[in-house]
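The values are calculated or read from the model by the stated rules, or taken from the named source; none is laboratory data. Here the structure is a predicted model, which is why all the values come from computation and not from measurement. Positions of Cβ are generated from backbone atoms using ideal geometry, with glycine treated the same way; all protein chains shown enter the neighbour counts. Side chains are part of the model used for accessible areas, which takes the heavy atoms of the whole protein and leaves out ligands, DNA and RNA. Shrake-Rupley method; radii C 1.70, N 1.55, O 1.52, S 1.80 Å.
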Amino acid sequence: MTRFSVRRARAIFSKEFKHIFRDPFTLLMALMLPLAIVLILGNSIEFNVRSIDMAYHDADRTESSRRLMETFASSNYFHPYAIDNPEQGFDDIVDENARAMVSIPTGFEKDVLGGGVAHVQILLDGTDNSSVMAVTNYMNTINRIATAKILDAPIAVRGLSFKTRYLFNPELNSRWFSVPGLSAVIIALVAIMLTTLTVCREWERGSMEMLLSTPATTLEIIIGKVLPYAILSFVGFVLVFVVARVVFGVPFMGNYATLILATLLFILGYLEIGLFISVSTHKQEVAIQFACIIGLLPTIVLSGFFFPVEYMSRGYQLFSSMFPARFYMDITRDQFLKGSSIADLWVPFVMLVVLALVLMVLCLMRFKRTLE
């Protein structure tokens, strides 16, 4: 059995690095693509619903009704505009010119100041379920604040008062939540796309026969070909980290060593996924298609980037555990916003190590040293 040789692995590593620097497309994908994605998506992804167009009809026309609408306007969540009748507001919702409509009936001020119950009709566009819940929560809060202003009394005087404090993200800034998760998606994208093309390129160029005729072992070939892309992927991570801190102002509360270790394990896992696809196919076009279907879609949809994994069905939770992004997403968001120790994150770390080892074994088993 041939022993592992650092010298042979280093020679393959040097050869692969020279190929990379002779290929501007590879460098562009590894270094510029992460910056472009994080800048574009970081500025465009917004989980907080703001500037909601809201039609309102004030049939009461009193000081109390005006205070209610002023509370809506000053919240920065709604953009109210007056309409002549409630039917016009309904038509605006149907025509998608408004997301909500508020109708204040006559006698509103009399009911509020008289200690009775004042009824206000609210119509919401229910086609977007995710935003409806947020709008409903906004209106419940505005209802309490407006009532206190109308009665000229603190909210606590009227009964039970809840004071909510948001830990780790007090302003509920969407970028603080989305950009750390976006970094995982970007690294996975770069790592899997780069390595997917490695072995396929050797087959298409006819250089695989020369590589297999060398005394290099399978492990030496894999390490020599994967390591350059691991370095490029880590450089991409550093660039994304700098953009997150400098451009988007995302805080970092964790430990750099913890995040770096998790990132290296995560990169290794996706490099191995890309390599497994690469050694299983002989054409770059087919490999890219498999990379998108097997790697990228589950990474985006099942990693917890958009939808919390704990709210998925049991089957999808188990399926998402097959991908390193499922566990790295928890670590990177924790390190940016909470700063837990590695002892508190031992479960995702263990899973990253297990997945890296399993994928390495699969790559070694799948790699063929024959030309069939």
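The rows are residues; the columns are (1) open to solvent by 50 Å² or more (accessible area, probe 1.4 Å); (2) in contact (Cβ under 8 Å) with a residue 60 or more places away in the chain; (3) part of a strand (DSSP E or B); (4) under 30 Å from VAL185 (Cα atoms).
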residue: ALA30; (1), (2), (3), (4): no, yes, no, yes
residue: LEU41; (1), (2), (3), (4): yes, yes, no, yes
residue: HIS57; (1), (2), (3), (4): no, no, yes, no
residue: SER65; (1), (2), (3), (4): no, no, no, no
residue: ASN76; (1), (2), (3), (4): yes, no, no, no
residue: TYR81; (1), (2), (3), (4): yes, no, yes, no
residue: MET101; (1), (2), (3), (4): no, no, yes, no
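Quick test for you: out of ILE145, ILE150, ILE122, pick the one residue that is at pLDDT 75 or above and open to solvent by less than 50 Å² (accessible area, probe 1.4 Å).
Numbers: ILE145 fails: open to solvent by less than 50 Å² (accessible area, probe 1.4 Å); ILE122 fails: open to solvent by less than 50 Å² (accessible area, probe 1.4 Å).
On inspection, the qualifying residue turns out to be ILE150.
Across the stretch 175-223, what is the number of residues that are under 17 Å from ILE277 (Cβ atoms) and hydroxyl-bearing (Ser, Thr, Tyr)?
4
Tell me, which helices (runs of 4 or more DSSP H) wholly within the stretch 253-347 include 2 or more residues that are open to solvent by 10 Å² or more (accessible area, probe 1.4 Å), in contact (Cβ under 8 Å) with a residue 40 or more places away in the chain and farther than 30 Å from CYS200 by Cβ? Before the answer, list the steps.
On the way: elements: 256-280, 284-290, 297-301, 314-320, 325-337.
It comes to 256-280, 325-337.
Quick check on this structure: which one of ARG7, ARG3 is open to solvent by 80 Å² or more (accessible area, probe 1.4 Å), more than 30 Å from ILE186 (Cα to Cα) and not in a loop (DSSP other than H, G, I, E, B)? Lay out the reasoning, then the answer.
Values: ARG3 fails: not in a loop (DSSP other than H, G, I, E, B).
Result of the check over ARG7, ARG3: ARG7.
Of all residues in the stretch 206-248, which are of a type outside the set (A, V, I, L, M, F, W, C), farther than 20 Å from HIS19 by Cβ and free of Cβ contacts under 8 Å to residues at least 40 places away in the same chain?
Of everything in the stretch 206-248, just one residue is of a type outside the set (A, V, I, L, M, F, W, C), farther than 20 Å from HIS19 by Cβ and free of Cβ contacts under 8 Å to residues at least 40 places away in the same chain, namely ARG245.
Failed condition for PRO24, given (1) out of contact with any strand residue (DSSP E or B) (no Cβ under 9 Å at 6 or more places or on another chain); (2) in contact (Cβ under 8 Å) with a residue 60 or more places away in the chain, with all others met?
Status for PRO24: all satisfied but (2).
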